[in-house]
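The values are calculated or read from the model by the stated rules, or taken from the named source; none is laboratory data. Worth saying up front: this structure is predicted, and the values here are computed from it rather than measured. Here Cβ is always computed from backbone atoms with ideal geometry, including for glycine, and neighbour counts include all displayed protein chains.
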Amino acid sequence: MEGMKTKVRRWGRSLGIVIPRDVAEKEKIKANDSVEILIRKKSDALKETFGSLKFGKSTKKMLDQTDEELWND
């Protein structure tokens, strides 16, 4: 089984994908062969895992402030 990334393209009124030649040769796929594919839309794994946060301060400013608070107590 070969994993790959490819773009979805318009094909008439449908959508289609292209199997790169090297993958087709490696997997011995020919025209009219039946194949099974797993479709998963590409996404940002880090964003999915941790979400997206917006801070009012830059990371450096927050780290500097934390250092100052820790060292001055």
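Inside the stretch 25-70, can you point out the residues that are part of a loop (DSSP other than H, G, I, E, B), modelled with pLDDT under 85 and hydroxyl-bearing (S, T, Y)?
Within the stretch 25-70, the first condition is being part of a loop (DSSP other than H, G, I, E, B), and the residues that meet it are 27-44, 51-58.
Checking which are modelled with pLDDT under 85 leaves us with 38-44, 51-58.
S43, S52, S58, listed by residue number.
Contact map, the stretch 13-37: residues that are more than 18 Å from G3 (Cβ to Cβ) paired with residues that are assigned to a helix (DSSP H, G or I), Cβ distance under 8 Å, separation 6+ or inter-chain. Pairs shown: K30/A24.
Scan the stretch 11-24 for residues that are under 21 Å from the mean Cα position of the chain (by Cα) and not in a loop (DSSP other than H, G, I, E, B) and jot them down. L15, G16, V23, listed by residue number.
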